[in-house]
């Protein structure tokens, strides 16, 4: 298996931690987030990784080198300007027919090899790992009739359940045919394009551990979970 890790973002939501260090190198316990991810990919059978970089690229390259100390090969793809979360993948010319893709700022005990096999069996262009996330609104929500401007209903601090993308995918190389060249193009653009073209993605629901370290609250939770994470990761 080959894997692409998207690590070119500035991590603005995680400031001030990311003011002087790239988000993928922010430590969780004694290890960097991306170091944990690379180690898990190696354990899953991945032998080669491509890391897409932009912001703080030199620091990340210096930390990981050629990947030999992790027991695999690491290549780097540098985007001169931010290209979003999908377009950078198209810069990589040596990709196999099927490959893993993931954000470089997540923690999960998902079995990457099982996900990869699930994708191959489904024969879809894109497989997306999803997670059930509950979102609580800390306000009283009023349903309004826009014509009469009268209240139609009221819910006190309602909670909503969503199936969200985990930022972990398996792609068929043909999916890149839907991605324009040299233009910022994100995962949202790809999903909407595939749906419009009647090429829906296959979903892989997951119920284990997952955290997207995008906000200070999530980062703090990861460090609160460190004893548990040391056991499962």
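Take the alpha carbon atoms of the stretch 105-154, find their center, do the same for the stretch 173-205, and report the distance between the two centers in whole angstrom.
18
When N counts the residues of the chain, how does its alpha-carbon radius of gyration compare numerically with 2.2 N^0.38 Å, as a ratio?
On the way: Rg = 19.2 Å, N = 233, 2.2 N^0.38 = 17.5 Å.
That ratio works out to 1.10.
Nearest 0.05, what FRET efficiency do residue 123 and residue 184 give at R0 = 30 Å with Cβ-Cβ as r?
Numbers: r = 29 Å, r/R0 = 0.98.
So the FRET efficiency works out to roughly 0.55.
To the nearest 10 degrees, how steep is helix 112-122 against the longest Cα principal axis of the chain, on a 0 to 90 scale?
Compared with the principal axis, the helix lies near 70 degrees.
Over the chain, what is the relative contact order in whole percent, taking alpha-carbon pairs under 8 Å and six or more residues apart? Mind dumping the intermediate values first?
Numbers: 411 pairs, mean separation 57.1, N = 233.
25 percent.
What value, in deg cm²/dmol to 500, does the helix sum -39500 (n - 2.57) over DSSP H runs of n ≥ 4 give at 222 nm once divided by the residues of the chain? Before the final figure, lay out the partial values.
Numbers: 6 runs with 57 residues, N = 233.
After summing the helix terms and dividing by residue count, I get -7000 deg cm²/dmol.
Share of Cα-Cα pairs in the stretch 136-183 beyond 17 Å, in percent?
On the way: 746 of 1128 pairs.
So the portion of pairs separated by more than 17 Å is 66 percent.
Calculate how large, on average over all directions, the projected area of the Cα convex hull of the stretch 100-233 is; give the answer in nm² to one decimal.
Details: hull surface 48.2 nm².
The number I arrive at for the stretch 100-233 is 12.0 nm².
Only residues of the stretch 79-112 count here: report those whose backbone N is under 17 Å from the spot 7 Å along Cα→Cβ of residue 207, or say none.
In the stretch 79-112, the label zone of residue 207 (backbone N under 17 Å from the point 7 Å along Cα→Cβ) covers 109-111.
Using the alpha-carbon atoms, what tilt in degrees (0 to 90, nearest 10) does helix 187-196 show relative to the longest principal axis of the chain?
70
Of the peptides 48-57, 114-123, 140-149, how do they stack up when ordered by the mean number of other Cβ atoms within 10 Å, highest first?
By packing density, highest mean first, the sequence is 48-57, 114-123, 140-149.
If the chain between residue 174 and residue 157 were fully stretched, how many nm would it gain, using 0.36 nm times the residue separation less the Cα-Cα distance? Show your work: numbers first, answer last.
Details: separation 17, 0.36 × 17 = 6.12 nm, distance 4.41 nm.
Length gained, residue 174 through residue 157: 1.7 nm.
Write down the percent of antiparallel bridges among all DSSP beta bridges whose residues are both part of the chain, to the nearest 5. Walk me through the numbers before you get to the answer.
Values: 26 of 46 bridges.
Close to 55 percent.
Only the coordinates and a few stated rules stand behind these numbers; no lab work does. These figures come from a predicted structure and were not determined experimentally. We place every Cβ from the backbone using ideal geometry, glycine too, and count neighbours over all the protein chains shown.
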